[in-house]
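Okay, so here's the structure we're looking at.
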Amino acid sequence: MKIKFISLASGSSGNCYFIGTDAYGILVDAGIGIRTIKKHLKDLGIGLDRIRAVLITHDHADHIKAVGHLGEKFGIPIYSTPEIHIGINKSYCVTEKLSTSVRYLSKGTQIQIEDFRITAFEVPHDGTDNVGYCIEVDGKTFSFLTDLGHITSTAAEYICKANYLILEANYDEEMLKMGSYPQYLKERIAGSNGHMSNRETAEFLAENINEGLKYIWLCHLSKDNNHPELAYKTVELLLRSKGVLVGKDVQLIALKRSTPSILYEFE
């Protein structure tokens with residue numbers, strides 16, 4: 001079975017990821033405009049009728065912008081925890097409130113959608129409720145951790161079991177410190193329920209990488225406090241210090257904030 005993955009957008013302005021087969025697929029988050037989602041998928045030859053579900057990580061605007069249209073206008077089931085669904089329907093950015101498309105899931109409980117086995121798990125962030133997703137298909141394990149302030153034992157478990165890892169590297173610590181954000185926002189971002197820095201992500205990966213991990217995609221990069229090249233280099237250097245060579249032992253990609261990645265296909 002050929003498994004396809006693409007990031008449609010990954011950054012502080014909007015996040016949306018596709019994982020699928022030749023026949024159907026799933027979106028993780030829908031934080032960009034519905035027209036943009038449709039266009040990017042159409043460019044890949046994928047119609048919305050082939051999307052079986054949207055998995056939502058939390059209720060911040062950059063993750064839920066298009067869920068109303070996807071759920072209520074296109075009839076695609078929207079999966080998340082009951083608390084996240086409450087937050088979605090309270091959000092100012094969701095003009096089309098969810099009703100018939102609502103599907104509930106529980107952290108730690110596996111659900112099956114087509115060939116995909118999906119487990120939501122707790123991550124520390126400051127949404128109404130917050131989850132990452134582990135998606136297992138055809139012997140491959142993808143783990144999505146897009147927003148988290150620190151790596152808990154639960155998050156570490158799902159990072160370490162992944163063959164294909166989508167993990168946040170939101171900000172460079174010096175850029176955040178010297179930048180123009182107000183102090184309260186700097187503290188929120190750097191806090192234990194905020195976001196992961198390049199250094200924090202790099203240190204964890206360097207200490208915990210295993211042979212089963214084939215790809216790392218650094219996601220949710222800040223527009224103002226990071227650069228893709230900086231995030232990549234920070235992780236690459238620390239991995240190298242542990243004898244792990246990017247390009248040989250593992251593939252490393254810093255995802256683009258507002259434009260799609262290439263389409264990855266795995267046999």
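Okay, residues lined up against (1) open to solvent by less than 20 Å² (accessible area, probe 1.4 Å); (2) in contact (Cβ under 8 Å) with a residue 12 or more places away in the chain:
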| position | (1), (2) |
| --- | --- |
| Ser7 | yes, yes |
| Gly14 | yes, yes |
| Gly20 | yes, yes |
| Lys42 | no, no |
| Ile51 | yes, yes |
| Arg103 | no, yes |
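Please state which one of Asn225, Asn193 is in a loop (DSSP other than H, G, I, E, B), in contact (Cβ under 8 Å) with a residue 24 or more places away in the chain and crowded, with 24+ Cβ neighbours inside 10 Å.
Values: Asn193 fails: crowded, with 24+ Cβ neighbours inside 10 Å.
Only one candidate passes the filter, namely Asn225.
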Practice item. Check whether at least one residue in segment 171-193 is under 28 Å from Ile118 (Cα atoms) and in contact with a Leu (Cβ under 8 Å, 6 or more places away or on another chain), and report yes or no. Key: no
Practice item. Give just the number: which of (1) at pLDDT 95 or above; (2) over 27 Å from Ser261 (Cβ atoms); (3) out of contact with any Phe, Trp or Tyr (no Cβ under 6 Å at 6 or more places or on another chain) does Glu173 not satisfy? Key: (2)
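Which of the residues that make up segment 228-248 are assigned to a loop (DSSP other than H, G, I, E, B) and in contact (Cβ under 8 Å) with a residue 40 or more places away in the chain? Spell out how you get there, then give the answer.
In the first step, residues of segment 228-248 are kept if they are assigned to a loop (DSSP other than H, G, I, E, B); the result is 242-245, 247-248.
Answer for segment 228-248, where residues must be assigned to a loop (DSSP other than H, G, I, E, B) and in contact (Cβ under 8 Å) with a residue 40 or more places away in the chain: there is none.
I'm trying to understand the selection: among the residues of segment 1-36, which are assigned to a loop (DSSP other than H, G, I, E, B) and in contact with a His (Cβ under 8 Å, 6 or more places away or on another chain)?
Within segment 1-36, the first condition is being assigned to a loop (DSSP other than H, G, I, E, B), and the residues that meet it are 1-2, 12-13, 21-24, 29-33.
Once the filter is applied, which keeps residues that are assigned to a loop (DSSP other than H, G, I, E, B) and in contact with a His (Cβ under 8 Å, 6 or more places away or on another chain), segment 1-36 yields Ser12, Asp29, Ala30, Gly31.
Yes or no, residue by residue, for (1) hydrophobic (A, V, I, L, M, F, W, C); (2) within 30 Å of Asp22 (Cα to Cα); (3) buried (at least 21 other Cβ atoms within 10 Å of the Cβ):
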{"residue": "His63", "(1), (2), (3)": "no, yes, yes"}
{"residue": "Glu83", "(1), (2), (3)": "no, no, no"}
{"residue": "Gly108", "(1), (2), (3)": "no, yes, no"}
{"residue": "Phe116", "(1), (2), (3)": "yes, yes, yes"}
{"residue": "Glu122", "(1), (2), (3)": "no, no, no"}
{"residue": "Val131", "(1), (2), (3)": "yes, yes, yes"}
{"residue": "Gly139", "(1), (2), (3)": "no, yes, no"}
{"residue": "Leu148", "(1), (2), (3)": "yes, no, yes"}
Check your understanding: Which of the following residues is of a type in the set (D, E, K, R), at pLDDT below 95 and either open to solvent by less than 90 Å² (accessible area, probe 1.4 Å) or over 15 Å from Glu168 (Cα atoms) (or both): Glu203, Glu211, Glu187, Glu207?
Key -> Glu211
Review point. Does segment 79-102 contain any residue that is assigned to a loop (DSSP other than H, G, I, E, B) and closer than 28 Å to Glu265 by Cβ?
Key: no
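The values are calculated or read from the model by the stated rules, or taken from the named source; none is laboratory data. A quick note: this is a predicted structure, and the numbers were derived from the prediction, not measured. Glycine gets a Cβ as well: all are built from the backbone with ideal geometry, and neighbour counts include every protein chain shown. Surface accessibility is based on the protein's heavy atoms, side chains included, excluding ligands, DNA and RNA. Shrake-Rupley method; radii C 1.70, N 1.55, O 1.52, S 1.80 Å.
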